[in-house]
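In what follows, a structure is listed as structure tokens, so that the remarks can point back to it.
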Amino acid sequence: MSLREKITTLISNYVLFHIVALYFYLIRNPNTQEYFESNGILYLGDVSIDYAKDFINGISSTRYWMKVYLQSSKTGESRLRRDASKFDRPHTLLSLKGDYIVSKSLVWMQGEDWKKTRTKFVSAFTPSKIKHNFDQNCRAKVYARCGGIRHIRPLNLETASLQTCGPSRFEQLSAKFVFSFDNFGNWWKPGFIQWFPQIATYFKITIIDKEVTEFYRNVGQIEINNSKEKKEVRDKNDFVGLVHSTWQELYASHVVDRPDKEEWITANLCGMVLPAYKTTQTLISMCAYVLALHQDVQDKLREEVNALFESNGDEFNLAAVSQMTYMDMVINETLRMYSPIGVVGRTCKTKYAVPDTTLVLKAGDVIFIPLYGLHYDEEYYPNPGVFDPERFSGASKNFTFLPFSQGPRNCIGMRMGMLETKIALCHVLRNFKLTPSSDTLIPMKFVNTQFPGMDPE
Ligand code: HEM
């Protein structure tokens with residue numbers, strides 16, 4: 001990091017952030033405590049601005065609230081699924097409706113726009129599509145990488161995961177995307193976009209780094225040109241083809257084309273690849289970390305992996321990978337302890353009486369679900385700081401285990417993220433023994449960033 005970057009990060013983290021915190025403190029509702037207590041909710045004080053760390057330590061006040069909310073006492077069924085129609089992803093804390101890129105991506109879309117786009121995108125993540133992708137792409141390329149061969153990779157469903165030897169251009173851009181949230185120069189943008197959305201849209205202001213949007217704009221443009229000239233019949237099970245064909249199916253048949261085709265495609269390429277990349281990267285890294293620290297688990301997992309290869313004539317196939325039960329247990333326990341996303345949010349769309357309490361939520365109320373608080377709750381996970389894959393040997397955890405969240409707004413790429421992680425671990429364990437080095441952080445520390453994902457140092 002250059003000196004200039006260090007100074008700007010320092011100012012944004014230690015000065016500006018606290019000014020914003022002070023602003024929110026001054027405009028806070030003084031009756032918050034009363035409101036919680038009158039509704040029978042344990043109030044532990046304001047959620048710290050360092051929320052990610054708090055969630056790791058499980059001390060967020062919302063944790064107590066969500067315990068009530070998440071579980072239906074009668075059926076044990078998750079309310080994130082059952083009452084999903086009453087909630088949506090929050091827009092109210094920081095509205096980016098004026099951001100001409102972010103507002104068009106699936107992650108930020110709301111209502112009907114989100115519903116029809118998600119329905120199209122989801123068709124690329126069904127088990128049969130994942131299998132198709134696995135058969136077509138994974139085998140040959142994964143072997144090539146393990147042999148250390150570097151080659152230009154196509155931007156497709158698998159590009160979002162496994163790593164080659166050094167940071168590629170793609171990886172540098174992904175890092176840039178995350179750091180753009182911490183950049184002092186970009187701090188004025190979220191505020192400006194929030195308060196002057198129309199001006200922001202007019203001047204095409206976005207919080208995403210210019211280099212990142214340019215990269216995805218070019219990738220999208222090549223696809224648009226190709227399809228115009230019919231140069232290439234593209235396999236739809238690929239991010240670029242998927243986003244482009246979705247746009248065509250949703251908007252191209254209209255009497256007048258939406259004028260923002262290029263931006264919509266850019267937004268959804270960023271909005272699909274970047275959440276996929278960072279999260280899967282964190283999960284794979286954290287699996288390697290826990291395996292290095294727990295040789296007994298590593299040996300047992302290696303036995304399972306070797307047995308898989310031996311029973312399949314040294315081949316790799318999806319059915320066999322899906323049957324590795326110990327692999328699932330190890331990954332789930334890693335996800336419990338080191339969830340790549342620490343918190344998810346919901347906005348209440350209509351009046352909602354929280355079952356089993358006197359609390360009635362109003363439309364517009366925002367709820368945070370601190371995944372770490374839940375995953376480290378002694379009631380569900382005794383000795384939560386201890387890595388123990390056996391916790392996941394029994395029945396599924398339902399509402400107490402939410403690394404990919406639940407309900408209609410859950411993670412669209414869950415199957416893909418899990419599969420990529422399994423493939424990576426199979427190949428690493430077959431070829432290497434993982435051990436901690438003198439640089440290994442014990443316990444792990446996370447990068448202090450404003451980005452809602454957890455990034456191990
Ligand atoms: C270990 C890997 C991953 C983890 C832990 C993870 C976790 C999550 C979480 C917690 C959410 C928020 C859900 C909510 O608000 O309820 C989410 C949303 C999302 N994820 Fe993932 N994710 C992973 C991999 C992926 C992959 C591989 C893709 C794409 C291929 C992906 C694409 C998305 C998208 C597009 C959304 C927004 C969905 C919507 O708003 O409809 N994620 N993810």
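Per-structure values
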| read-out | value |
| --- | --- |
| Test result for ALA319, assigned to a helix (DSSP H, G or I) and either closer than 18 Å to ASP455 by Cα or modelled with pLDDT under 85 (or both) | yes |
| Residue satisfying all of: in the stretch 114-143; within 11 Å of the ligand (Cβ to nearest atom) and either closer than 30 Å to ILE199 by Cα or modelled with pLDDT of 85 or more (or both); surrounded by the most Cβ atoms within 10 Å (Cβ to Cβ) among these | THR117 |
| Residue count, the stretch 401-416 (criterion: of a type in the set (Ser, Thr, Tyr) and at pLDDT 90 or above) | 0 |
| Residue within the stretch 287-303 that is open to solvent by less than 60 Å² (accessible area, probe 1.4 Å), within 14 Å of the ligand (Cβ to nearest atom) and in contact (Cβ under 8 Å) with a residue 12 or more places away in the chain present | yes |
| Members of the stretch 315-351 that are open to solvent by 10 Å² or more (accessible area, probe 1.4 Å), more than 10 Å from the ligand (Cβ to nearest atom) and in contact with a strand residue (DSSP E or B) (Cβ under 7 Å, 6 or more places away or on another chain) | THR347, LYS349, LYS351 |
| Candidate set: the stretch 215-230, residues that are within 31 Å of the chain's Cα centre (by Cα) and open to solvent by 70 Å² or more (accessible area, probe 1.4 Å); chosen: the one modelled with the lowest pLDDT | ILE222 |
| Residue satisfying all of: in the stretch 81-105; open to solvent by less than 20 Å² (accessible area, probe 1.4 Å) and among the small types (Gly, Ala, Ser); modelled with the highest pLDDT among these | SER105 |
| Residues that are away from the ligand (no atom under 12 Å from the Cβ) and touching a residue at least 24 places away in the same chain (Cβ under 8 Å), drawn from the stretch 403-432 | ILE423, LEU425, CYS426, HIS427, VAL428, LEU429, ARG430, ASN431 |
| Criterion violated by VAL366 - all others in (1) within 16 Å of the ligand (Cβ to nearest atom); (2) in contact with a helix residue (DSSP H, G or I) (Cβ under 9 Å, 6 or more places away or on another chain); (3) under 30 Å from PHE87 (Cβ atoms); (4) of a type in the set (A, V, I, L, M) satisfied | (2) |
| PHE368 vs. criteria open to solvent by 10 Å² or more (accessible area, probe 1.4 Å), touching a residue at least 40 places away in the same chain (Cβ under 8 Å) and closer than 23 Å to GLN281 by Cβ | no |
| Which listed residue is within 14 Å of the ligand (Cβ to nearest atom) and closer than 30 Å to ASP99 by Cβ, from THR280, THR266 | THR280 |
| Hey, GLY385 crowded, with 17+ Cβ neighbours inside 10 Å and small (Gly, Ala, Ser) or not | no |
| Checklist (1) under 17 Å from the mean Cα position of the chain (by Cα); (2) open to solvent by 70 Å² or more (accessible area, probe 1.4 Å) applied to LYS362, failing item | (1) |
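Quick grid of which residues meet (1) farther than 19 Å from TYR289 by Cα; (2) not in a helix (DSSP H, G or I):
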residue: GLU378; (1), (2): yes, yes
residue: ASN383; (1), (2): yes, yes
residue: PHE404; (1), (2): yes, yes
residue: CYS411; (1), (2): yes, yes
residue: LYS422; (1), (2): no, no
residue: CYS426; (1), (2): no, no
residue: PRO436; (1), (2): no, yes
residue: ILE442; (1), (2): no, yes
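The values are calculated or read from the model by the stated rules, or taken from the named source; none is laboratory data. Everything numeric in this text was worked out from a predicted model, so none of it was measured. Every residue, glycine as well, gets a Cβ built from its backbone with ideal geometry; the counts of neighbours run over all protein chains shown. The accessibility values were calculated without ligands, DNA or RNA, using every heavy atom of the protein model including side chains. Shrake-Rupley method; radii C 1.70, N 1.55, O 1.52, S 1.80 Å.
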